[in-house]
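See below for the structure under consideration.
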Amino acid sequence: MIGPSWREPAWFARPAHRLPFLAALKAAGAAPRPIRPPRVYRGGFALRCTIIPAGLDRRTVTIVFGCGSPEVPRVFVDGPTDSPHRYDDGSLCMWYPYDPPERQWQRRDGPVVLLGHIASHLIREAWWRRTGEWVGDEAPHRALDRQETL
């Protein structure tokens with residue numbers, strides 16, 4: 001009988017990787033705190049922190065890394081949700097899933113760069129709500145299969 005093949009544990013399974021990620025967010029003033037991931041991301045890693053994007057109110061951000069795709073964060077933010085760049089679950093669509101790696105956030109970029117992507121996205125959303133214009137690159141949207149984005 002052949003068992004399931006062994007897979008390298010997700011990066012966040014090791015405190016030596018998870019703790020520096022949290023420390024960098026703390027040093028940036030984001031006040032991160034680990035939370036239990038939503039049920040759909042069971043076994044993953046999730047945290048909640050706060051940011052104040054330029055010109056906007058303080059926002060509570062939830063960043064979730066799932067086991068199925070541990071390098072790709074799902075980002076949820078409180079506040080207004082009407083946006084042409086949100087997935088059906090309310091998470092931010094900050095980059096096109098099929099873009100090359102250099103056009104997306106990579107873990108090696110660090111968590112502070114991820115916060116920059118989040119803040120920029122929230123500023124674009126606010127501008128879109130005021131003017132109807134999306135500032136920056138856009139990719140055609142279609143209903144992506146849930147498996148493609150996890």
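Under the condition of being acidic (Asp, Glu) and more than 15 Å from residue 65 (Cα to Cα), which residue from region 89-110 is surrounded by the fewest Cβ atoms within 10 Å (Cβ to Cβ)? Write out each step before concluding.
If we filter region 89-110 for residues that are acidic (Asp, Glu), which is where we start, we get 89, 99, 102, 109.
Filter again for more than 15 Å from residue 65 (Cα to Cα), leaving 99, 102, 109.
Values: 99: 11, 102: 6, 109: 12.
Among residues in region 89-110 that are acidic (Asp, Glu) and more than 15 Å from residue 65 (Cα to Cα), the one surrounded by the fewest Cβ atoms within 10 Å (Cβ to Cβ) is 102.
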Inset, instruction - Tell me, yes or no, whether region 63-81 has at least one residue that is aromatic (Phe, Trp, Tyr), in contact with a helix residue (DSSP H, G or I) (Cβ under 6 Å, 6 or more places away or on another chain), touching a residue at least 12 places away in the same chain (Cβ under 8 Å) and part of a strand (DSSP E or B). - result: yes
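Within the bounds of region 82-97, is there any residue that is in contact (Cβ under 8 Å) with a residue 60 or more places away in the chain, within 30 Å of residue 20 (Cβ to Cβ) and out of contact with any Gly (no Cβ under 8 Å at 6 or more places or on another chain)?
The initial filter retains those residues of region 82-97 that are in contact (Cβ under 8 Å) with a residue 60 or more places away in the chain, namely 87.
Then drop every residue that is not within 30 Å of residue 20 (Cβ to Cβ), which leaves 87.
Applying the additional criterion that residues be out of contact with any Gly (no Cβ under 8 Å at 6 or more places or on another chain) yields 87.
Yes, there is a match, as at least one residue in region 82-97 is in contact (Cβ under 8 Å) with a residue 60 or more places away in the chain, within 30 Å of residue 20 (Cβ to Cβ) and out of contact with any Gly (no Cβ under 8 Å at 6 or more places or on another chain).
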Inset, instruction - Test residue 138 against the stated conditions and say whether it is surrounded by fewer than 12 Cβ atoms within 10 Å (Cβ to Cβ) and without any contact (Cβ under 8 Å) to a residue 60 or more places away in the chain. - result: no
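So, of the residues in region 22-36 that are at negative phi and touching a strand residue (DSSP E or B) at 6+ places or on another chain (Cβ under 8 Å), which turns out to be surrounded by the fewest Cβ atoms within 10 Å (Cβ to Cβ)? Before you say what the answer is, go through the steps one by one.
Of all residues in region 22-36, those at negative phi come to 22-28, 30, 32-36.
Subset that is touching a strand residue (DSSP E or B) at 6+ places or on another chain (Cβ under 8 Å): 22, 25, 30, 32-36.
Numbers: 22: 18, 25: 23, 30: 22, 32: 20, 33: 13, 34: 12, 35: 13, 36: 9.
Among them, the one singled out is 36.
Does residue 102 satisfy being over 22 Å from residue 22 (Cβ atoms) and part of a helix (DSSP H, G or I)? Walk me through it before giving the result.
On the way: over 22 Å from residue 22 (Cβ atoms): yes; part of a helix (DSSP H, G or I): yes.
Yes: the conditions hold for residue 102.
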Inset, instruction - Identify all residues within region 105-134 that are in contact (Cβ under 8 Å) with a residue 12 or more places away in the chain, over 14 Å from the mean Cα position of the chain (by Cα) and not in a helix (DSSP H, G or I); write none if there are none. - result: 134
Inset, instruction - May I ask you to list the residues in region 82-99 that are part of a strand (DSSP E or B) and within 20 Å of residue 44 (Cα to Cα)? - result: 92
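When you scan region 139-146, do you find a residue that is out of contact with any His (no Cβ under 7 Å at 6 or more places or on another chain), modelled with pLDDT under 95 and assigned to a helix (DSSP H, G or I), even just one? First the steps, then the outcome.
Residues of region 139-146 that are out of contact with any His (no Cβ under 7 Å at 6 or more places or on another chain), as a first pass: 139-146.
Of the ones still in play, those that are also modelled with pLDDT under 95 are 139-146.
This time we only want the ones that are assigned to a helix (DSSP H, G or I), so: 146.
Within region 139-146, one or more residues are out of contact with any His (no Cβ under 7 Å at 6 or more places or on another chain), modelled with pLDDT under 95 and assigned to a helix (DSSP H, G or I).
The values are calculated or read from the model by the stated rules, or taken from the named source; none is laboratory data. Computed from a predicted model, the values in this text were never measured in an experiment. Cβ coordinates were reconstructed from backbone atoms using ideal geometry, including for glycine residues, and neighbour counts include every protein chain displayed.
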